[in-house]
Structure formats: C-alpha cells, structure tokens
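Shown next, in structure tokens, is the structure this report addresses.
Read the figures in this text as sums done on the coordinates, not as results from a lab. None of the values given here were measured: they were computed from a predicted structure. For neighbour counting, all protein chains shown are included, and Cβ atoms are generated from backbone atoms with ideal geometry for every residue, glycine included.
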Amino acid sequence: MVQNKSKKKSKKESPLSLFLKGFLKTMLILIIASMAVLIGAGIGMYTGYIKAIPANALDIITASSDSQTTIVYDQSGNEISRLHGNENRIRVPYSKIPKNLINAFVAIEDERFWQHNGIDIKRIIGAIFRNIKSGNLSEGASTITQQLVRNKLLTFEKSFKRKIQEQYLAIQLEKRWTKEQILEEYLNTINLGSGAYGVGAAAYTYFGKDVSQLTLAECALIAGITQNPSYYNPYVFPDHAKKKQEIVLKKMFELGYITEQEYLEAKNQPLVYVKKDISAENAYKHPYFVDSVIDEAIEILSEKKRISEDEAENLIYGGGLRIYTTMDETIQSIMEEVFSDPSVMPKIKHYDKSGIPQPQAAAVLIDFSTGAVKGIMGGRGNLKGVRLLNRATMSVRQPGSAIKPIADYALALENGYTAATVIDDVPFSVGGYTPRNWYKSNTVSGKRGYKGLMTLRESLQWSANIPAVKIAYNLGIQNVYRNLKRFGFTTLAAQDMNSLSIAIGGFTYGVKPIELTAAFAAVANSGVYIKPYFITKIEDKNGITIFERIPYKRKVMDEKNAYILTNMLQSVVTARITVGVKFSYPVAGKTGTTDDSKDRWFVGYTPNYALGVWVGEDKPVALSYLTGTNPALKIFKGIMDKVVSKKGVSSEFLRPAGIVERYICKESGKLATSLCRQDPRGSQVIKEIFAEGTEPTEYCDRHVKLKVCTESNKLATQYCPTKIEKVFIKRDNPVWPGQNSGIVPPDDYMYQAPTSYCDIHKSPQEVVVPQEGNTSQQEQSSSQSQQSSSSDQSNQQSSQENLPLDGGTTQSRTYSSQ
C-alpha cells in the first residue's frame, strides 16, 4: 500500500505544468472569443453594408437605361456639348443577338455565367489569392451580372464595401430576372468604344451592318473591346484589337462554343472596318476638342476614383457631371473652318477603305503662358462623328528637323554655346553613322552638300543636319535624350538613348503633335514647360468639385537662353530658306520634313500662342505628290492669320533683362575686325545677341590677309613675278578635295587660306640642272628657307591690318529679328 501511494504522489502534476495548462486554456478561450467577436463584427459590417444600399437600387437597375447627362463648358462657361450614353445606342432584343456574340461575351467575361447565382465563388477565391500575391486590388472577379449592377448604379470606386453591395445586388437581380434578361440588358448598355453603347451600335460603328449580320470573327472582335474600350479600339489600335479577338476565339474553342475549324477560319478572316455613323444627328459640336476632353476626363476620374477606364467613361456618359474646359470657341471654330477649306488644305489624293480622306492633318493650338489647349484638330473630313481618331493626341509620327530646336539647340544654349558659336559643316562620321544634309552641293553637281563654317543661327536657318549631329555628339546623346524627356516627350524608346539620329528627328517610334507643340510652347514661355491640358474643373451631379486643375510646370531653360532661341527661330522664318511664306506679325518656328517625306511639319508661335501642324497619310507613304509650299506651313498660316485677325497679337516677344548685342564675325563667332568686312564674299560682320556674360571678348583670328601668286594661287615667294593680297579664312582643319579621298568639299573651301608655297616659280639655283648631279641638299634647303622667310615676313606685315572694328561705324548685315 505504501508503494501505491508513492506512485500516486509521483503522478501529481507540478505547479508549472498546471500553470501552462491553465494559460493555454485561457488563450484558447480568448482566441475563440476573439474569432467570435471578429465574425460578429464581420457579420455586423456586412449587415451594415447591405442596409446602406438604397431601397430602390434594384428598381434602378431594372428600370430604363436612360441616365443623367454630363455637360461640357468652354473657357467662358458656355455650354458646348451634352454627353449621354444613349446618344449612340440601338436597342436589340435578345432573340436577334447572334448566338456567337452571346457566347463570345460569356467566354471572355464570365465563363460560368449560366451556372452561378450572380457571383462566381471559384473566381472570387482565385482573385483573392492573386490580389494577396500582387498586394493590391487590381484583380477583379466580377460576373456579367455584377458588371450590369455597377454600370447601372454608376458606383465605380474600388472598395470592399462597394464589392459586398455589388455582390448582394447581383444575387438579388438573378432572383428577379432570367439569365436572358440580364444578358439582353448588359449587351445593350455595355460601353464598346468610339461612342458606341451596346452591341447594336457597335455593329454599325465598326462593321457598318446590323448586329444580326455579324460573322464569328466580328463577334469576337466586338466582345474583346469591352475590357478596355480605349486600348482595344480597332480604329485607334487595330493590332491590340486583333490580338484580343484571337484570345476570345481561343477561349470560345476551349469552352466548346466553336469547333477547331471554325476557330481557325475566324482567326484568319480579314477584318474590314466600315463605320456607319448612326449618331450624326446627335453628334456634339467641336468633336475633336470634346473627344480630347473625354479622354482627359477618363484619365482623371480613373485615377481619382481608382476605377477602370471603361468605368470612368460610363460615369462621364451617365453621371451628370459638369466639365469645365480650356476651349476658346472662336479659335476652335477657326481651326475647323481652315480644315474644311480646300484652298488651304492639301489636295485629297485618295480615300482609304473606311472612306477617310488622305493625306490627313492634325493641329493643336496652346496658350503657352498657361498650358491650356485652346483649339485642336485631330483630322480632316468628318466633323459629325463621336470618339474619332485624334491624330493630334494619339498618332506618333517622325518629327524630322522640327525636333532640332528642342533636341539640339536648346540644350546647346544651356551648355555654353551661343547663337554665334561656329560649327564646321563638313563631312562627318561617328560609329558608322554618317548624317547627310538635305541641300545640294555648290561645288559638286548632283551631290548632297556642305556649307562649311556656320554659326548656330545659320545652321538652324539652313536646317543643317551635320551641325545638329555634331552638337548632340559633343554634348552626349544621353543628355539629348534626357533633355527631350524634360521637355515632355513620352514616346521615346530605350534604344533612342544611344542613337545620334534622334538629333535630327530619327526616332524609333516618333512623337505626338501635341507634345512637340508643348515643347515649343516651353521655349516661348521663357523656358517653363507646362503640360498641356483641356480640363480646368470637374463637378459631380451635386455640384461638388471632384477635380480642379493645378498645371504641372517645370523649368527647362534659362529665360535668356529661351529668348535667344526664340530670336533664332524668328530668323528661321524671316530668312525664308526653308519657310516659303511671309507673316505680317512676329512668328518663330521650324519646319520638319522626314528624309523619306512621309511627314511634314511646321511648329511655331507668336507672342501669344503656340501652334503645331502635321500633315501625312495615316498609313505612311512618301508625300512627293505634295509640291510647293510645305502643306503644314500653309495650314499654320491659314489658322494663325485668322486667329491674329480675331484675337490680336502682341507686337514683340518679351525680351528679358540681361540680353546684350555685339558685332561679330560669323566665320569665327568672335568680335569683328576690319578684315571681316573684306571677305571676298562680302562683309561677314553681323550683329548678334547674347546672354550677358557669354558675349565674346576676343577678336576674330579666322580672317587673314595673305600674298599669293596670281598664277598658282598659293602662298607667294620672292620669286613669284606677280602677287596679290587677298583675305582668306583660316580653317582649323582645311578640307581640300584632292587630298581627302574624293569627299564633297564644303561650299566655302575656295576661301580657305592656302597652306603651301608656290611651286611654279623657283629660285635660279633650282632651275639650273647640275652637270654632275651633285647639287647639295643643303643648298636646296637654304633656297626654300629663304622663300619661306620672305613670304612669312610679307604675310606678317599684311596681317597687321587685321584691326578691331568700331561697331558703331560698321554697316553690318543683321540676322536679328526686326
């Protein structure tokens, strides 16, 4: 018995063990209690969300599709357009919607639509895991029923509350309506881009036919648009739309809606887009401007409310918003008038398959002091459509020489160059890249030419390629690339960072007209870039401001350098080398023509507005059939003449303090001397402007006066019977045609100072033929030394005439704007 008692005592638990058991029991109770509290709170929160749903929400969803109208206003608060979702809609009963179209939408949007009760549990679980992995709410799990609920109630913010309410209403809707009723309403209200709401309108918008006539390939194309109507718009991004169509077809095949043969046939069927505009009678005025407003509003609302772009577009068309814009109706009307004037626009060569006239054009006019877009034209032809292709904001085209003022000259002025800096326009190659100028040689017939020594101002006037590339090379092409980024260009490719061709407009993709115009506007605006915009304010249906514009600004140039570049661009216009028209008011600007002549540009500005114009065919082809004045320049003048007539213009560009003038020699960029006036081509003295502190302080050493033999045209020696004094230019690296592998010499090479002595007239010792052939090399060397010494002394005396000029007594040829 004693032994048994001992064993019982040994089994008695220790105080520590008892404590741990008690602690764990307590913790378990707390965990269970906490879970109960959380579950209770969750149920309470869920119940609260459900109770917050308006009592008539389901009635709103099942009621008429009509929604509240959004109103767009111009800069003065005048109404210019009303936007409502039913303006481009054709109601189609379920029985007349093709089965392939129904299956296409179900396959790509909600493959278990026919089985679920309004929400897809499997899809929700998958979306939860993907969102946890990505760390955001980018992955949705909305069924077609949920999408219909969201579209009809116009509550697009991404939140847990909205999702719970949407799911609850989707379940309730499935109890009230059949699947067919839900699909009919969904397919008649869904946004399908280009202003088309519903499949009936989309069939006419993209294929010009009744929805019942759509092929399988066309059904898949339309179904693919719905996930992102802007990105998959076949008129704007046909490649995007085609790739999405193939994804839809593949999904239909995988789900058994079509056979493999049907899949392959539809995939390979050519898609021909024919737009039959069913909304012309209801189309809004000024479509290109209003379309730009819609695009910007979509961007603003999707960011502000954290919703998708198609949800934002639905809100615009049915949310009763008030959108205040920058549009000057006088300017917009002028631009539309000019784009409809056959005497100004280039002659139509042909129409494309969609009936769009070619060549096309685009223009955008900006108040550079604010960044506000006052008028825009995204094309010529139809002005009664909606959601048109806006070439001014969407098309990306090669800028040609129009990029030089921004890519090269702006950067050069910011890095120590002046308008008088001289660059030698001579043959140049680097890393296998050999740029060519557009102009012909004056020395070798039929060849591309070189001008020789040129100031920055002259090289810009001539739109010379070699100096522009040399600037980019000297400054570093990566710096050119970064500079373009600072000026607001968003379409640069990574490979452009290492390509010297961007210095003269050779990009991987190109630039948008609105961005090129905004870059010039930054120069006009004293070196301050302002991102262009169309909207100043947006109010919701209750008058509450949900967005107010604060312009984005960035300093990209010193104001003095910006003024000098403006002055240089004025001389581009007044020199009329590349600009073939005259203006009666101040204009600074630059033409642009791509090497293959597929794009023509003129971008410029007055003291009040910047205007950029592009001309080309939508499918790029050479515009060699457009002869005479650059068509973009002609359109620019047509618009700006009328704008100046209606709005007036300041008499001069604003000149900042700290600009000084000096008389300089344009062969050296240094202060002029008397020899600079004696150049055989005429005086090379000009008056140039500088930012104070950058003006030259040294006198020209490029011009020299030398005595030359009249027979050999080489440096004269004491043995030359007839000599003449001439003024030459002393080039750092002389270019002589016979000594440089047959390269085309620059136009000014005949004015170079000779570097060798006359070899026709020789000393008596040289002309005597030695009888024994033993004339010493020492005697010949002595004779040549005497010739050189004599000639050097003579030329040194001549060079003493190279005296500084009194700028006040010099009649100079000025390149400054008058």
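For ASP759 and TYR231, calculate 0.36 nm times their separation in residues minus their Cα-Cα distance, and state this gained length in nm to one decimal. Mind dumping the intermediate values first?
Values: separation 528, 0.36 × 528 = 190.08 nm, distance 7.44 nm.
Full-extension gain reported as 182.6 nm.
Work out the FRET efficiency for ILE743 and ASP341 from their Cβ-Cβ distance, taking R0 = 45 Å, and round it to the nearest 0.05. Walk me through the intermediate numbers first.
Values: r = 47 Å, r/R0 = 1.05.
The calculated FRET efficiency here is 0.40.
Multiply the residue separation of THR629 and ASN78 by 0.36 nm, subtract the distance between their alpha-carbon atoms, and state the gained length in nm to one decimal. Don't jump to the answer; show the numbers that get you there.
Values: separation 551, 0.36 × 551 = 198.36 nm, distance 3.80 nm.
Using 0.36 nm per residue and subtracting the Cα-Cα distance, I get 194.6 nm.
Filter the GluC sites (Glu not before Pro) in the range 622-718 to those in DSSP coil with at most 14 other Cβ atoms within 10 Å of their Cβ, and list the result.
Numbers: sites: GLU652, GLU661, GLU667, GLU688, GLU692, GLU698, GLU711; in loops: GLU652, GLU667, GLU692, GLU698, GLU711.
Sites meeting the loop and neighbour criteria: GLU652, GLU692, GLU698, GLU711.
Among 100-112, 541-553, 386-398, how do they line up by average Cβ neighbours within 10 Å per residue, starting with the highest? If you can, show how the numbers build up before the last one.
Numbers: 100-112: 21.2, 541-553: 11.7, 386-398: 22.8.
With the highest mean Cβ count within 10 Å placed first, the list reads 386-398, 100-112, 541-553.
Find, among the trypsin sites (Lys or Arg not before Pro) in the range 609-691, those assigned to loop by DSSP (not H, G, I, E, B) with at most 16 other beta-carbon atoms within 10 angstrom. All intermediate terms of the calculation are to be shown ahead of the outcome.
On the way: sites: LYS634, LYS637, LYS642, LYS646, LYS647, ARG662, LYS666, LYS670, ARG677, ARG681, LYS687; in loops: LYS666, LYS670, ARG681.
Answer in residue order: ARG681.
Sorted by packing (mean other beta-carbon atoms within 10 Å per residue), highest first, where do 244-256, 372-384 land? Spell out each step's value before the answer.
On the way: 244-256: 19.5, 372-384: 22.8.
Most protected by this proxy first, the peptides run 372-384, 244-256.
Round to the nearest 0.05 the FRET efficiency obtained for TYR552 and ARG162 when R0 = 45 Å and r is the Cβ-Cβ distance.
Working: r = 30 Å, r/R0 = 0.68.
Calculated value: 0.90.
May I ask you to list the residues of the range 160-199 whose amide nitrogen lies under 14 Å from a point 7 Å from Cα along the Cα→beta-carbon direction of ILE50?
Answer for the range 160-199: 164-173.
At 7 Å along Cα-to-Cβ for each site, give me the label-to-label distance between LEU24 and ILE348 in nm.
Label-label distance for LEU24 and ILE348, simple model: 8.8 nm.
Hey, what do the phi angles of the range 246-257 turn into as Karplus ³J(HN,Hα) couplings, whole Hz, using 6.51/-1.76/1.60 and θ = phi - 60°, x for Gly and Pro?
My calculation for the range 246-257 gives 5, 5, 4, 4, 5, 5, 4, 5, 4, 8, x, 6 Hz in order.
Tell me, in nm to one decimal, what length is gained between THR545 and GLN495 on full extension, where the rule is 0.36 nm per residue of separation less the Cα-Cα distance? Intermediate values should be presented prior to the final figure.
On the way: separation 50, 0.36 × 50 = 18.00 nm, distance 4.27 nm.
Extra length available between THR545 and GLN495 comes to 13.7 nm.
Quick check: net charge around TYR409, other residues with Cβ under 10 Å of its Cβ, Lys/Arg +1 and Asp/Glu -1? Before the final figure, lay out the partial values.
Details: positive: LYS404, ARG457, LYS590; negative: ASP408, GLU414.
Taking every other residue near TYR409 into account, the sum is +1.
Would you mind putting 613-621, 460-468 in packing order, based on average other-beta-carbon counts within 10 Å, highest first?
Working: 613-621: 20.8, 460-468: 25.2.
Top of the packing list down: 460-468, 613-621.
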